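What follows is a short report on a single structure.
Only the coordinates and a few stated rules stand behind these numbers; no lab work does. As the structure is a prediction and not an experimental result, all values here were calculated from the model. All Cβ positions, glycine included, derive from the backbone under ideal geometry; neighbour counts span all protein chains shown.
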Ligand code: UD1
């Protein structure tokens, strides 16, 4: 298949380009590099020994999308482009609704006009809010607690409405748990701007000496060691899940929702210990107050994806940590030094 990947230079997007190419597909990327670096795509081209056509610009630009659909015979779209920081979304909600909701609406309208019917959307486990129990299945109640989460939920609902109205439309909604790790080559990985919001890139920067210590947000949760429990999934497993979803569901209209997670709960302290062991670096930490909006435990039931897509995560926690460390230690300043 010939796939348009929006946000294809970003963390999950770049790994997914590789998974698609390795599965025999071809990709076209649109990215505005607002939270990504062109170097990531150059490295994808090196790893895959192929060139990847790139359109630099905003996915909310109808003219740009029309140009791409007229210049390429696109079979399906994987839509990663968007803003993803929870805190920023509270400060700048209109930015989040424009980048995440309005842009997605323009994309869906342009797809319909171009006769492209398959859309894979990067949603998030954040749509489950504070789940009543774990593991979380796809039919659990949804409800977001911040503009970022609401923007994901609204796009899910827009896609489901479109699947009702347009009997050809194929809405594939993938709810990611916590993507971490990097490509085995160590050439591409997560490269956040400024101070990382998320746990894994923060630990990686402590291990490499860029930051002095980790603040662990809360040591009094009702979990095995008092720290928050999450479902960390290797970004390459996640990327392969996208290829599987496209291959299995292309040509099967309707709305399809899947959790992409491992089903295993890992605490913050588990992750700190694994990182210190694998990197052989100390990870100094301090337990501080809980972060507002965090839940105690969040991990997936991965059964639906396994049954329908024949996909499950295969990489271990040590693979996640070792690949993260390979990327971080060989690129301490991310793509910026390239
Ligand atoms: C966060 C977002 C979620 C988003 C996801 C994208 C929040 C509240 N949630 O999920 O909406 O979809 O990122 O990747 O921001 N932690 C620390 N110290 C740190 C950073 C994190 O102790 O410096 C802890 C957190 O309290 C949590 C765990 O590590 O228990 C994972 O945090 P994080 O990586 O930010 O992911 P989520 O909060 O699960």
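At what distance in nm do the modelled label points of residue 94 and residue 213 sit from each other, each positioned 7 Å from its Cα along Cα→Cβ?
4.2 nm
Once you put a point 7 Å from the Cα of residue 48 and another 7 Å from the Cα of residue 113, both along the Cβ direction, what distance in nm separates them?
The modelled label-to-label distance comes out at 2.7 nm.
Give me the extension gain from residue 329 to residue 26: residue separation times 0.36 nm, minus the current Cα-Cα distance, reported in nm with one decimal.
106.0 nm
Tell me, how many Å apart are the Cα centres for the range 139-205 and for the range 1-22?
14 Å
Once fully extended, how much extra length lies between residue 198 and residue 303, figured as 0.36 nm per residue of separation less the alpha-carbon to alpha-carbon distance?
My answer for the length gained is 35.2 nm.
Output the Cα-based Rg and Dmax of the range 211-270 in Å, rounding Rg to one decimal and Dmax to a whole number.
Cα only, the range 211-270: 16.9, 51 Å (Rg, Dmax).
Based on the Kirkwood radius over alpha-carbon pairs, what is the Stokes-Einstein translational diffusion coefficient of the range 293-338 at 20 °C with 1.002 mPa s viscosity, in µm²/s?
It diffuses with D of about 155 µm²/s by this estimate.
Working from Cα positions, state the angle (0 to 90°, nearest 10) between the long axis of helix 317-330 and the longest principal axis of the chain.
90 degrees
Return the FRET efficiency for the residue pair residue 224, residue 286: r is the Cβ-Cβ distance, R0 is 22 Å, and the value is rounded to the nearest 0.05.
Calculated value: 0.65.
Can you give me the P(r) profile for the range 170-249? Cα pairs, bins 10 angstrom wide beginning at 0, each as a whole percent.
Spelled out bin by bin, the range 170-249 gives 15, 36, 32, 15, 2 percent.
Would you mind telling me which residue in 137, 63, 245 has the biggest mean-square fluctuation in a Gaussian network model of the chain, where springs connect alpha carbons within a distance under 10 angstrom?
Result for the chain, Cα springs under 10 Å: 63 fluctuates most.
I need two numbers for the range 47-136: Rg to one decimal and Dmax as a whole number, Cα atoms only, in Å.
16.0, 48
Which order do the peptides 94-101, 13-20, 278-285 come out in when sorted by mean C-beta neighbours inside 10 angstrom, highest first?
13-20, 94-101, 278-285
Hey, could you pull the Cα Rg and Dmax for the range 243-335, both in Å?
My reading of the Cα-based Rg and Dmax gives 17.6, 51 Å.
P(r) for the range 124-236, please, calculated from all Cα pair distances in 10 Å bins and given in %.
11, 31, 35, 18, 5, 0
So for the range 69-117, what percent of the C-alpha to C-alpha distances run longer than 15 Å?
52 percent
Normalise the Cα radius of gyration of the range 36-90 by 2.2 N^0.38 Å (N = residues in it) and let me know the number.
Ratio of Rg to 2.2 N^0.38 Å for the range 36-90: 1.39.
Give, in nm to one decimal, the length gained when the segment between residue 56 and residue 166 is fully stretched (0.36 nm per residue of separation minus the Cα-Cα distance).
Answer, rounded to one decimal: 36.6 nm.
Let me know the whole percent of all Cα-Cα pairs from the chain that are separated by more than 32 Å.
25 percent
How would you rank 64-76, 315-327, highest first, on the average number of other Cβ atoms within 10 Å across their residues?
Top of the packing list down: 315-327, 64-76.
Any idea how far the Cα center of the range 92-136 sits from the one of the range 23-41, in Å?
19 Å
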